[in-house]
Structure formats: structure tokens, C-alpha cells
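Here the structure comes first, spelled out in C-alpha cells, and everything after it is commentary.
Taken together, the values in this text are just the output of simple stated rules run on the coordinates, not laboratory data. What you are looking at is a predicted structure, and each value in this text was computed from that prediction instead of being measured. Reconstructed Cβ throughout: ideal geometry from the backbone, glycine too, with neighbour counts over all protein chains shown.
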Amino acid sequence: MNRKILHKLDIHIFSNVGSIDTGGITMLEEVQKNVGRKGLKLVIAKPRSKVIKKLVKSKFTKKIVKE
């Protein structure tokens with residue numbers, strides 16, 4: 001049986017998202033917990049500057065590994 005192993009979860013929606021609220025950040029925290037439990041990495045691709053600022057302010061960026 002040929003199985004593919006998943007190592008990371010890429011989220012590419014942020015290039016189209018202009019802002020994020022506390023509900024969105026809470027959702028990302030839950031996603032991070034779930035993927036972390038499975039030994040995966042969460043990758044947020046191409047976030048806009050306003051989204052980055054809010055993620056930094058909420059300290060979410062300290063919870064994810066930067067690559």
C-alpha cells in the first residue's frame with residue numbers, strides 16, 4: 001500500500017483576507033492545537049499586513065513556528 005504522509009497544513013486564504021477579528025484568531029488557535037496534536041505544522045501563506053499586525057498583537061505568531 002502506497003501511503004502519503006502529511007507533514008503540514010497550508011492555509012492560503014489570507015492573500016484575499018483584508019482583516020481578521022478575534023473570532024478568526026480563536027479559530028486559528030484551535031486549528032493550531034489540532035494540527036499540533038497530530039504532529040503537523042500550520043503554515044499561513046501570504047497574509048496581508050493588516051492580518052499580520054493583528055496576529056502579532058494577539059501573540060498568535062509566537063504560538064506557531066516561523067519558516
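Laid out as a table, the results:
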quantity	calculated
Label-point separation, residue 12 to residue 27 (7 Å along Cα→Cβ), nm	1.9 nm
Sequence of 35, 17, 56 once ranked by neighbouring C-beta atoms within 10 Å, starting from the fewest	56, 17, 35
Inter-label distance for residue 41 and residue 5, nm, one decimal - labels placed 7 Å from Cα along Cα-to-Cβ	1.4 nm
Folded to 0 to 90 degrees: helix 22-37 orientation relative to the chain principal axis, Cα	20 degrees
Gained length - residue 34 relative to residue 63, 0.36 nm times residue gap less alpha-carbon distance	9.2 nm
Residue 48-residue 19 pseudo-label distance in nm [points 7 Å out on the Cα-to-Cβ vector]	1.0 nm
